[in-house]
Structures are given as structure tokens and as C-alpha cells.
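J.: Questions regarding the structure given below will be posed in turn.
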Amino acid sequence: MEMYKRILLKLSGEALGDPEAGHGIDPESVQSLARQIVRVTGLGVQVAIVCGGGNLLRGAEFSRLGGHRANADYMGMLGTVINALALSDAIEQAGVETRVMTALEISAVAEGFVRRRAEAHLSKGRVVILAAGTGNPFFTTDTAAALRASELECEVLLKATKVDGVYSADPKEDSTAKRYKSLSYDEVLQRNLRVMDRTAITLCQENHVPVVIFDAFEVGNLERVVRGEDLGTTIRSEA
């Protein structure tokens, strides 16, 4: 398979946090990810990134404690902006220009998301970091990643996780759990595999955006996936 030319990388907030607990922002974790991203841009690949915010706050969990769900989700969106700024700084320190674009109006620290402007940044070799989800409560950052990947006509959505793909059961609890090499969108939905939320998977299906679930915590895996190596689990129209 040929190397991808434009990718959407979905990073969880935990990927930027403490390696053990996943909380807060860990400078070494951020810098490690930044170095991997810079290596990929060195291959001529255009990179857009959607950050989660779970290392700082999860809106759904906060709302269960009595907070209004919409307010809690907006708090989570602001957490993704903090993560995006941290990642932006690390990538620029590693030598590649970035632009942080948000779905919420925060002009003092980032540009508002405009599709054509984002595409222009990508074409100039800048890493575009997309924060604040879709800008709406009740939508996950997985859905934001599927939406932006579709809008920016990315060839693939790479979802970075702590496991090396999608399994039939939790491999930590079931030693017989099997890793799927590939799945169709329909299989993910019908089996309720919870790889991404249903809205995100449906968006990818409707816009023909394949999804690769892979372990980004092993240094070098991002570059290997971008080069087309058979890692993780690929979700597409036909498994």
C-alpha cells in the first residue's frame, strides 16, 4: 500500500497525560508524540490532529456529579484547547510550524475553524491541530475527528490508543480475546464494539473514510501506519 498523503490523527487526552494515570499534561509524553508527528511530516504527509480532553476533564463524567451536561461538555472542549496549545508548542520546538484551530471562538489563542483556511495551512506543510470538538455539547471528540476528516478530505482517520487494535473482548480480562485485522463499519455497529461512538462510525461510513485503530504509545508506530504497514485494526466498507 502507498503512503498516505493527508491524515487525521485522533489523540486522546490521556496520550498527553501522565503515562501511568493519564491525568494532567506530561511534558515528556507531549514531546514524544510531537517528535513522532514531526517525523511523519518529514515524509511529506499533511497532518491534521484532533485532541481529546479526558486527561483534564470528561464532560459526561462531570455531569453525572450534578453539573449541567452542556456546561460540562463546554468545559471538556476548553480542556482540548489546552492540550492543543501544549502539543502545538512541542511540535514547533521540534521544528515544524503549526496552527491551532478551534470550533469555539477564542481568537486570543487560536484561529476559528474554517475548512478552506485549514486546507491552506495543510498544503503549506503546517500541522493543523483542531480543538474544541465540534463546538457543540453532546458530541464526542471521536465524532469531531470523523467530521473534520470528512471535511478536509483526509485519506484515513488514525485513532491512537493504548492497545494494538480492536479485540473481540478485553484482552486484559480474557486471554482468548482475538484481535481483528479488519472490520467493516457495519460489523462495528452491529457488534457494538465501541471502538468509536456510533455517530463517528456512521460519519466515516457515509463519507468513505477508513479508520485505523493502532497503538501509538510504541514509538515509531505512527510512521509505520502512515507508510501503509499492516498494524492495528482497519475499519472500512468491506472487512
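J.: So which GluC sites (Glu not before Pro) in the range 137-195 are both in a DSSP loop and have at most 10 other Cβ atoms within 10 Å of their Cβ?
T.: Within the range 137-195, the qualifying GluC sites (Glu not before Pro) (loop, at most 10 other Cβ atoms within 10 Å) are GLU173.
J.: Let me check I've understood the local charge: for ASN192, count other residues with C-beta under 13 angstrom from its C-beta, Lys and Arg +1, Asp and Glu -1. What total comes out? Let's see the in-between values first.
T.: Working: positive: ARG191, ARG194, ARG198; negative: ASP186, GLU187, ASP197.
Result for the neighbourhood of ASN192: 0.
J.: For the chain, return all DSSP H helices satisfying: extent of Cα atoms along own axis at least 30 Å; mean Kyte-Doolittle hydropathy at least 0.0.
T.: In the chain, the long hydrophobic H runs are 69-93.
J.: Which distance in Å, rounded to a whole number, links the C-alpha centroids of the range 1-21 and the range 161-209?
T.: One Cα centre to the other: 17 Å.
J.: Sticking with this one: What is the extension gain from SER123 to LEU189, computed as 0.36 nm multiplied by their sequence separation minus the C-alpha to C-alpha distance, in nm to one decimal?
T.: The span from SER123 to LEU189 would gain 20.3 nm if fully extended.
J.: Still on this structure: Among residues other than VAL81 whose Cβ falls under 14 Å from its Cβ, what is the net charge (Lys/Arg +1, Asp/Glu -1)?
T.: Its environment carries a net charge of -3.
J.: Another question, then. Please compute, over every Cα-Cα pair in the chain, the percentage with a separation greater than 24 angstrom.
T.: It works out to 41 percent of all Cα pairs.
J.: So in the chain, what percent of DSSP beta bridges are antiparallel if you round to the nearest 5?
T.: Working: 5 of 33 bridges.
Antiparallel bridges make up about 15 percent of those DSSP assigns within the chain.
J.: In the range 85-137, what GluC sites (Glu not before Pro) fall in a loop by DSSP, with at most 14 other Cβ atoms inside 10 Å?
T.: Taking the range 85-137 and a limit of 14 other Cβ atoms within 10 Å, the loop GluC sites (Glu not before Pro) found are GLU97, GLU105.
J.: Do you know the relative contact order of the chain, to the nearest whole percent, from alpha carbon pairs under 8 angstrom that are 6+ apart?
T.: Working: 497 pairs, mean separation 53.1, N = 239.
This gives 22 percent for the chain.
J.: Okay, moving on. Could you please report the charge total around PRO27, scoring K, R as +1 and D, E as -1 over all other residues with beta-carbon less than 14 angstrom from its beta-carbon?
T.: Overall, the nearby charge balance is -3.
J.: What's the longest uninterrupted piece of the chain once you rule out the trypsin sites (Lys or Arg not before Pro) that are loop residues per DSSP with at most 16 other Cβ within 10 Å?
T.: That would be 6-123.
Only the coordinates and a few stated rules stand behind these numbers; no lab work does. Model, not experiment: these values are computed from the prediction. Quick reminder, even Gly has a Cβ in these numbers, built from the backbone with ideal geometry, and neighbours come from all protein chains shown.
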